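Below is one structure, written out as structure tokens; comments come after it.
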Amino acid sequence: MTHRILVLGAGYAGLTTTARLARRLHPHDARVTLVNANPHFVERVRLHQLATGQRLADLPLRKLLDGTGVQLIVGRVASVDPERRHVRVTGESRDELSLEYDTLVYALGSMADLDVVPGVAEHAFSVSDTEGAAALHHRAADLGAAGGVLGVVGAGLTGIEAATELAETYPRLRVRLLSTDAPGDGLSLAAQRHLRRVFRRLDIDVRADSPVTEVQQDRLMTTRGDAVPLDATVWTTGFRVPALARESGLAVDHDGRILVDQTMRSHSHPNVYAVGDAALARGPGRLASQQLRMACGTGVPMGWQAADAIAARITGRDPHPFRFRYAAQNISLGRRDGLIQFVRPDDSPHRAILTGRTAARWKEAVVRGSVRVMRYPGLYLAPPRRRELPDHAQGREQEAGPVLRRP
């Protein structure tokens, strides 16, 4: 009987898992179905570019999945019943679909938390989805022409990239970056110095130690009692996952992220796997005590691991150990500058950094490569596999190194 695999979500992690499963399993062994609310793949790490009016590549999911044999269903997930192995989906025509599965991959990602501070949902823009980024573009263009003031709240990587992209694109726009901590406080000292130079060059007003308590239409209120006048606000701090996993009875942490083991398998339901931002995974070996952060660079390896583990178990093999380590944090600072912070396996920063146009080209190559990895998941960084040896050589079996596969 053909094994039914259902993947929910086509972000970086979900699409990686889907494409890799299609290449790991024979169609007679498994049928893979992908459900996603958007018929196109959204390059979320480029949405700050969309907010400045840059044109992003059109990436229809059907084209990305062409030739894989994967069935695509465009619709929103309404409910998951892991006991009955059943998912309800509201389709494009608002028809309700009932889908059954043998194995479920939950990859519904995360979204901006617009309820964390009063006024955010009503008055702030976001760059966490295409609609928010497109709306911000129209407002920022008007403010840029008029010399208005735009506040960016949050000095994480998303806030830094949004602030620098907007300031570079609209030189007359006055950008204020407000945050609790100093921008890039988790980076090396050399990286922080470079950020300060970029902020000065782009005339970005950085206000650290200024937690925002309320967003109003024309100002921000901070814990100090200050009122910061603005013409518009961009909210980049705080992400949350859908409540669906918790409501479905899956084991989750206090934030609602699904608890998984080293094969990305749910702690509570062995026929459910979770990848990407919606899963709480820990690193292998010495990183076992460390939660893997929400990032494209985390979600893609999680997708590889889940796909390989599912394929192994369906075909009667043991999954290979999780192999993961951090290598770098890639930050764009507009189109002509960037920052590559090289890190240790546990994500702590090395002294070594790369900056300027070279770093910008590096970041661009990484982003483009992420899409190519999803389309051809066996081409890059394939995990070690055991060589097929004749019976007389079984005692000398060794692991092969990484294999470069052509699509």
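The values are calculated or read from the model by the stated rules, or taken from the named source; none is laboratory data. The model shown is predicted, which means the values in this text are computed figures rather than measured ones. No Cβ is skipped: glycine too gets one built from the backbone with ideal geometry, and neighbour counts run over all protein chains shown. The area values use the complete protein model at the heavy-atom level, side chains included, leaving out ligands, DNA and RNA. Shrake-Rupley method; radii C 1.70, N 1.55, O 1.52, S 1.80 Å.
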Criterion violated by Val371 - all others in (1) at pLDDT below 55; (2) closer than 24 Å to Leu25 by Cα; (3) aliphatic (A, V, I, L, M) satisfied: (1)
Checking Ala365 against (1) assigned to a helix (DSSP H, G or I); (2) at pLDDT 90 or above; (3) crowded, with 17+ Cβ neighbours inside 10 Å, which test does it fail? (3)
May I ask you to say which residue of Glu100, Glu96 is closer than 22 Å to Ala309 by Cβ and touching a Lys or Arg at 6+ places or on another chain (Cβ under 7 Å)? Glu100
For the range 311-334, how many residues meet the condition of being part of a loop (DSSP other than H, G, I, E, B) and under 19 Å from Arg351 (Cα atoms)? 3
Any idea which residue in the range 63-87 is nearest to Thr164 (Cα to Cα), counting only those that are open to solvent by 80 Å² or more (accessible area, probe 1.4 Å) and at pLDDT 95 or above? Arg76
Please identify the pairs in which a residue from the range 344-355 that is assigned to a strand (DSSP E or B) has its Cβ atom under 6 Å from the Cβ atom of a residue that is open to solvent by 40 Å² or more (accessible area, probe 1.4 Å), counting only partners at least 6 apart or on another chain. His350/Phe342; Ala352/Phe342
Checking Ile340 against (1) open to solvent by less than 50 Å² (accessible area, probe 1.4 Å); (2) aliphatic (A, V, I, L, M); (3) touching a residue at least 60 places away in the same chain (Cβ under 8 Å), which test does it fail? (3)
Filtering the range 96-119 for residues that are assigned to a strand (DSSP E or B), open to solvent by 20 Å² or more (accessible area, probe 1.4 Å) and over 14 Å from Leu34 (Cα atoms) leaves a count of 2
Kindly establish whether Ser93 is surrounded by fewer than 15 Cβ atoms within 10 Å (Cβ to Cβ), part of a strand (DSSP E or B) and of a type in the set (Gly, Ala, Ser). no
Return the residue satisfying two criteria in turn: it lies in the range 222-241 and is touching a helix residue (DSSP H, G or I) at 6+ places or on another chain (Cβ under 8 Å) and open to solvent by less than 30 Å² (accessible area, probe 1.4 Å), and of such residues it is nearest to Ala134 (Cα to Cα). Val234
In the range 47-62, what residues are surrounded by 15 or more Cβ atoms within 10 Å (Cβ to Cβ), of a type in the set (A, V, I, L, M) and assigned to a loop (DSSP other than H, G, I, E, B)? Ala51, Leu59
Within the range 3-26, can one find any residue that is at pLDDT 95 or above, closer than 30 Å to Ser268 by Cβ and surrounded by fewer than 20 Cβ atoms within 10 Å (Cβ to Cβ)? yes
Among (1) hydroxyl-bearing (Ser, Thr, Tyr); (2) open to solvent by 10 Å² or more (accessible area, probe 1.4 Å); (3) modelled with pLDDT under 95, the one test that Thr298 misses: (2)
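Of the residues Arg201, Arg176, Arg219, only one is closer than 22 Å to Gly334 by Cβ, surrounded by fewer than 22 Cβ atoms within 10 Å (Cβ to Cβ), more than 26 Å from the chain's Cα centre (by Cα) and at pLDDT 95 or above; which? Talk me through it step by step, then tell me what you get.
Values: Arg176 fails: more than 26 Å from the chain's Cα centre (by Cα); Arg219 fails: closer than 22 Å to Gly334 by Cβ.
Unique residue meeting the criteria: Arg201.
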Just one of the numbered conditions (1) crowded, with 21+ Cβ neighbours inside 10 Å; (2) touching a strand residue (DSSP E or B) at 6+ places or on another chain (Cβ under 7 Å); (3) at pLDDT 95 or above is not true of Val149; which one? (1)
Could you tell me whether the range 38-46 includes any residue that is within 15 Å of Val105 (Cα to Cα) and open to solvent by less than 70 Å² (accessible area, probe 1.4 Å)? no
Of all residues in the range 250-289 being exposed (fewer than 15 other Cβ atoms within 10 Å of the Cβ) and modelled with pLDDT under 90, the one that is farthest from Phe324 (Cα to Cα): Ser289
If I filter the range 396-406 for residues that are β-branched (Val, Ile, Thr), at pLDDT below 80 and open to solvent by 20 Å² or more (accessible area, probe 1.4 Å), do I get at least one hit? yes
With the first residue restricted to the range 19-36 and required to be farther than 17 Å from Ala306 by Cα, and the second required to be at pLDDT below 95 and not polar (S, T, N, Q), Cβ contacts under 6 Å at 6 or more apart or on different chains are Pro27/Gly69
